[in-house]
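Read the structure below first, then the notes.
The values are calculated or read from the model by the stated rules, or taken from the named source; none is laboratory data. These figures come from a predicted structure and were not determined experimentally. What goes into the accessible areas is simple: the full protein's heavy atoms, side chains included, and nothing from ligands, DNA or RNA. Shrake-Rupley method; radii C 1.70, N 1.55, O 1.52, S 1.80 Å.
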Amino acid sequence: MSSMSHQFLKNPYFAVVGASTSREKFGNRVLRWYQSNHLNVTPIHPKEHMIEGLTTKASIHELPYPSQTSLSIVTPPAVTLHILQEAYHLGFRYFWLQPGAEDDQVRAFATTHKDTLHIILGGPCILVDGPKLLKQKL
C-alpha cells in the first residue's frame, strides 16, 4: 500500500463525488463502504437531497473543511477533470479516483500537480484496498 493511500484515510472527513441512489452503482457502493466503516462521509450529488440516509451536498463547494477532506471520485473522466480543477482551487489535497474515472487529461492533470495533490489513480479501488488500509491504520 502506498503512503498516499494511508494519508488519504487519515483525514477526518470524506466525500463521495458521484454518489448514487442506485445500490448497484459504484457511487453508492463506495458510499456504503465508508458508512459501514464508520467514517464521516458526505455524498455529493447535484440533484438528490438524501442518499443512504445521509444528507447530500450539491457540490464540493459546500464542504466546510477542504484541507481535511479526502474525496473519492466516481464520475466519468470529463467530470473528474472538472472536479479536480475545482478541488485544487478550493484547497482539497487528497483524492481516490475509482477505476473508470480517469483518462489521459485526468492523468496529465495529476502529473502536473503531483507536488501539491495526492491523487490515487490507475486501478486500485477503495472497495478492494480500503479494508486492508483501515486495518493498518489501527
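So here's what we get for this one:
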item	result
In order through the stretch 49-62: 3J(HN,Hα) via Karplus (6.51 cos²θ - 1.76 cosθ + 1.60), integer Hz, x for Gly, Pro	9, 8, 9, 6, x, 10, 6, 8, 10, 6, 7, 5, 4, 8
Mean accessible surface per residue for the chain, computed with a 1.4 Å probe while every protein chain stays in place, in Å²	52 Å²
Rh by Kirkwood over Cα pairs, then Stokes-Einstein D for the chain at 1.002 mPa s and 20 °C, µm²/s	146 µm²/s
Fraction in percent of alpha-carbon pairs per bin - 10 Å, the stretch 11-80	23, 59, 18, 0
Potential lengthening between LYS47 and ARG107 on full extension [0.36 nm per residue; Cα-Cα distance subtracted]	18.8 nm
Residues whose placed amide H lies under 5 Å from that of ILE51, excluding near-sequence neighbours	THR56
Relative contact order of the chain, pairs being alpha-carbon contacts under 8 Å that are 6 or more residues apart, as %	24 percent
Within the accessible area of the stretch 42-133 (1.4 Å probe), percent carbon and sulfur	55 percent
